[in-house]
Amino acid sequence: MPTLLIVHHTPSPHCQALFEAVVSGATAPEIEGVRVVRRAALSATASDVLEADGYLLGTPANLGYMSGALKHFFDQIYYPCLDATRGRPFGFYVHGGNDVTGAVRAIGTVTTGLGWRPVAEPVTVTGEPGKADTEACWELGATVAAGLATDA
């Protein structure tokens, strides 16, 4: 059974709402045959990444960059996972107070280096998430998970 690893840093109610929407989409009853594993960015390991078939990442934008927690995750898994995970599908979401550009760019740079394959546009949210934002996160979760179900 394919595994989707959701790695997130969820320090605020806004990030929590987006995370919950992503998980809800990824675990929708219509998507069968995909195991969804959730890990906080500070506890996710290279073993988690190597055991997964696809990835969903979530972070706040802090000072124009991804959170330190997600950066730490990438620092820990980059070289151990570099060759073994090339081509694997991923998606991500970012929440910021007013700008997420730097965080989106940084995640794109690292995932390009890893050779991961984006399968959905990133969901970017500034300010308080509205219904359209949580729906977009639900769709993101469902899209990445359904792609793994189809690949199985």
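The values are calculated or read from the model by the stated rules, or taken from the named source; none is laboratory data. Worth saying up front: this structure is predicted, and the values here are computed from it rather than measured. Note that each Cβ is placed from the backbone with ideal geometry, even for glycine, and that neighbours are counted across all protein chains shown. All accessible areas refer to the heavy atoms of the entire protein, side chains included, with ligands and DNA or RNA removed. Shrake-Rupley method; radii C 1.70, N 1.55, O 1.52, S 1.80 Å.
Observations, loosely collected:
- Number of the condition not met by Thr85 [criteria: (1) assigned to a strand (DSSP E or B); (2) among the polar types (S, T, N, Q); (3) touching a Leu at 6+ places or on another chain (Cβ under 8 Å)]: (1)
- Scope the stretch 12-27; condition in contact (Cβ under 8 Å) with a residue 24 or more places away in the chain and either surrounded by fewer than 15 Cβ atoms within 10 Å (Cβ to Cβ) or hydroxyl-bearing (Ser, Thr, Tyr) (or both); matching residues: Ser12, Ser24, Thr27
- Among residues of the stretch 128-152 being of a type outside the set (S, T, N, Q) and at pLDDT below 95, the one that is least open to solvent (accessible area, probe 1.4 Å) is Ala149.
- Screening the candidates Arg39, Arg86 for the property of being touching a Phe, Trp or Tyr at 6+ places or on another chain (Cβ under 9 Å), of a type in the set (D, E, K, R) and over 23 Å from Glu20 (Cβ atoms) yields one hit, Arg86.
- Members of the stretch 75-104 found to be surrounded by 14 or more Cβ atoms within 10 Å (Cβ to Cβ) and farther than 21 Å from Leu148 by Cβ, listed by number: Gln76, Tyr78, Pro80, Val94, His95, Gly96, Val100, Gly102, Ala103, Val104
- Within the stretch 44-82, the set of residues being within 26 Å of Ala132 (Cβ to Cβ) and either outside any strand (DSSP E or B) or free of Cβ contacts under 8 Å to residues at least 40 places away in the same chain (or both) comprises Gly64, Ser67, Leu70.
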